[in-house]
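Structure, as structure tokens:
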Amino acid sequence: MKKFLQVMFLLFILIIGLILLRFGSALFQEGNPTPILTSIMNLELEKSDYELFSETNIHNKYVSDNTGIYRYDVIKGFMKEKGWDFKEQMGSGLVFKKDEQTIVVETRQYSKHYILWNIPKEVLS
């Protein structure tokens, strides 16, 4: 029994170490990392393009893979489905237009593997 507990403890430490290596200093940049890590786990297990990790009255927050030069294609596709056309990139913001309305989708690098993005609620209504 004692040996089993030692193995489980070492396995737990190994898993924590791997998580820290994968995310490093980015882990706590958004506050509580639990919702983001849960969404990343769903993203990887379900092989989806993006996952919702937070919802407020102002915007929804999503996480997606960082695919290098095509990292914003998931966001552009999401917005295209909602009827918005991509116009330009301004820094870390992506500008979309629909009729006479313009919105900016904010993006942030979470780690070298993932991107976080905020979609204003008016897009979803």
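The values are calculated or read from the model by the stated rules, or taken from the named source; none is laboratory data. Values in this document were obtained by computation on a predicted structure and should not be read as measured data. Methodologically, a virtual Cβ is constructed for each residue, glycine included, from the backbone with ideal geometry; neighbour enumeration extends over all protein chains shown. What goes into the accessible areas is simple: the full protein's heavy atoms, side chains included, and nothing from ligands, DNA or RNA. Shrake-Rupley method; radii C 1.70, N 1.55, O 1.52, S 1.80 Å.
Of everything listed in (1) open to solvent by 90 Å² or more (accessible area, probe 1.4 Å); (2) in contact with a strand residue (DSSP E or B) (Cβ under 8 Å, 6 or more places away or on another chain); (3) over 26 Å from Pro33 (Cβ atoms), the single unmet condition for Glu106 is (3). Within segment 19-37, restricting attention to residues that are at pLDDT 75 or above and outside any loop (DSSP other than H, G, I, E, B), the residue that is farthest from Leu52 (Cα to Cα) is Thr34.
Name the residue that is nearest to the chain's Cα centre (by Cα), counting only residues in segment 89-103 that are farther than 18 Å from Lys61 by Cα and open to solvent by less than 90 Å² (accessible area, probe 1.4 Å). Ranking the qualifying residues of segment 89-103, first place goes to Gly91.
Inside segment 58-84, can you point out the residues that are exposed (fewer than 12 other Cβ atoms within 10 Å of the Cβ) and more than 24 Å from Asn32 (Cβ to Cβ)? Result: Gly68, Ile69, Tyr70, Glu81, Gly83.
Mind checking which residues of segment 109-119 are open to solvent by less than 80 Å² (accessible area, probe 1.4 Å) and either assigned to a strand (DSSP E or B) or closer than 17 Å to Ile58 by Cα (or both)? If the condition is that a residue be open to solvent by less than 80 Å² (accessible area, probe 1.4 Å) and either assigned to a strand (DSSP E or B) or closer than 17 Å to Ile58 by Cα (or both), then Tyr114, Ile115, Leu116, Trp117, Asn118, Ile119 are the ones that fit.
Flag: Ile15 does not match the condition of being part of a helix (DSSP H, G or I) and modelled with pLDDT of 85 or more. Selection of segment 61-107 for residues being within 21 Å of Glu51 (Cβ to Cβ) and of a type in the set (Asp, Glu) yields Asp65, Asp73, Glu81, Glu106.
Residue check: is Asn42 assigned to a loop (DSSP other than H, G, I, E, B) and either under 17 Å from Trp117 (Cα atoms) or modelled with pLDDT under 70 (or both)? For Asn42, the condition - assigned to a loop (DSSP other than H, G, I, E, B) and either under 17 Å from Trp117 (Cα atoms) or modelled with pLDDT under 70 (or both) - is not met.
When the test is whether a residue is at pLDDT 80 or above, open to solvent by 60 Å² or more (accessible area, probe 1.4 Å) and of a type in the set (D, E, K, R), Glu55 passes it.
Glu122 falls short of the stated requirement of being surrounded by 14 or more Cβ atoms within 10 Å (Cβ to Cβ) and either free of Cβ contacts under 8 Å to residues at least 60 places away in the same chain or part of a strand (DSSP E or B) (or both). Taken together, the residues in segment 57-96 that are under 23 Å from Asn42 (Cα atoms), of a type outside the set (D, E, K, R) and either without any contact (Cβ under 8 Å) to a residue 24 or more places away in the chain or assigned to a strand (DSSP E or B) (or both) amount to 8.
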